[in-house]
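The values are calculated or read from the model by the stated rules, or taken from the named source; none is laboratory data. These numbers were taken from a predicted model, which means no experiment stands behind them. Every residue, glycine as well, gets a Cβ built from its backbone with ideal geometry; the counts of neighbours run over all protein chains shown. Surface areas here come from the heavy atoms of the whole protein model, side chains and all, with no ligands, DNA or RNA. Shrake-Rupley method; radii C 1.70, N 1.55, O 1.52, S 1.80 Å.
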Amino acid sequence: MQNFFDVIVVGAGPVGMACALALFKRGFNVCVLEKESEPVVDQRAASIHPITLEMLDDLGVAEMIIPKGLKAPIFQYHDRTNGEIIAVFDLELLKDEFRFPYVLQYEQYKLTKDITETYSKESGFDALYSHAFVGAEQGSDHVNVLVETPNGVEMMQARYLVGADGGRSAVRRSMCIEFEGFTYDENFIKIATNFDFQKAHPEYAYRNFFSDPEEWCNLFKVRGERPEGLW
């Protein structure tokens with residue numbers, strides 16, 4: 001296995017994979033490290049907005065994923081108490097401003113899987129799952145990266161190391177970089193169901209926001225893994 005790269009990216013989420021792909025498209029030799037054995041199946045980060053679609057289009061990804069997602073040009077705000085629709089926004093009205101005048105409902109695990117399967121076959125782009133970042137040490141003109149692999153701990157080297165491994169970033173902690181800002185006090189729960197909300201409420205769009213001073217919520221639809229999709 002190759003052990004020296006231009007850039008090592010830790011974290012194979014949408015940010016890490018898009019960063020790695022952008023670097024690869026510019027001629028850099030890139031390796032993505034991910035501790036999970038494969039993209040984790042969940043519905044987080046399932047909304048790809050017009051500007052992000054344009055970025056993915058520049059990377060050659062949009063054409064691949066758009067047919068697989070749900071186009072959502074309309075999103076609605078509802079009063080959660082009485083069900084009244086407060087406002088309707090239609091991105092199609094901005095078609096002269098956006099290359100893609102809609103939000104694409106497409107789960108992040110599908111996006112990262114698409115990029116992995118399409119580009120990891122090419123020389124200069126490696127996506128290594130079941131490879132966990134352990135630590136890093138700055139060299140004179142490179143960084144040494146310790147990685148827990150299925151065969152034990154190995155050392156890799158790169159000119160640059162990118163931490164895209166989330167709010168609890170092991171890369172950030174290893175570099176003693178402070179986590180600036182704040183954490184919200186609220187707790188949130190995400191529930192996925194195959195109950196057809198549009199059948200019960202034909203007025204619902206694919207993207208709905210419900211305003212309430214105590215228990216506001218959002219309701220989105222994604223394709224999931226079955227024809228009926230998930231809400």
Scanning region 74-115 residue by residue, those open to solvent by 20 Å² or more (accessible area, probe 1.4 Å) and polar (S, T, N, Q) turn out to be 81, 82, 108
| message | Going residue by residue through region 119-132, is there one that turns out to be over 16 Å from the mean Cα position of the chain (by Cα) and either closer than 25 Å to residue 202 by Cβ or part of a helix (DSSP H, G or I) (or both)? | response | yes
The residue that is surrounded by the fewest Cβ atoms within 10 Å (Cβ to Cβ), considering only those in region 125-159 that are of a type in the set (Gly, Ala, Ser), under 15 Å from residue 32 (Cβ atoms) and out of contact with any helix residue (DSSP H, G or I) (no Cβ under 6 Å at 6 or more places or on another chain), is 130
Flagged pairs (Cβ under 8 angstrom, 6 or more apart or on separate chains; first in region 193-204, under 15 Å from residue 224 (Cβ atoms); second of a type in the set (Ser, Thr, Tyr)) are 197/204; 198/204
Cβ pairs under 7 Å, 6+ apart or interchain, first in region 26-49 and within 24 Å of residue 132 (Cβ to Cβ), second basic (Lys, Arg), ordered by first then second residue, are 39/113
Of 162, 222, the only residue that is in contact (Cβ under 8 Å) with a residue 12 or more places away in the chain, touching an Asp or Glu at 6+ places or on another chain (Cβ under 6 Å) and buried (at least 16 other Cβ atoms within 10 Å of the Cβ) is 222
All-but-one check, residue 43 against (1) at pLDDT 95 or above; (2) in contact with an Asp or Glu (Cβ under 7 Å, 6 or more places away or on another chain); (3) farther than 17 Å from residue 122 by Cα, failing number (1)
When every residue in region 196-216 that is open to solvent by less than 50 Å² (accessible area, probe 1.4 Å) and assigned to a strand (DSSP E or B) is compared, the one nearest to residue 71 (Cα to Cα) is 207
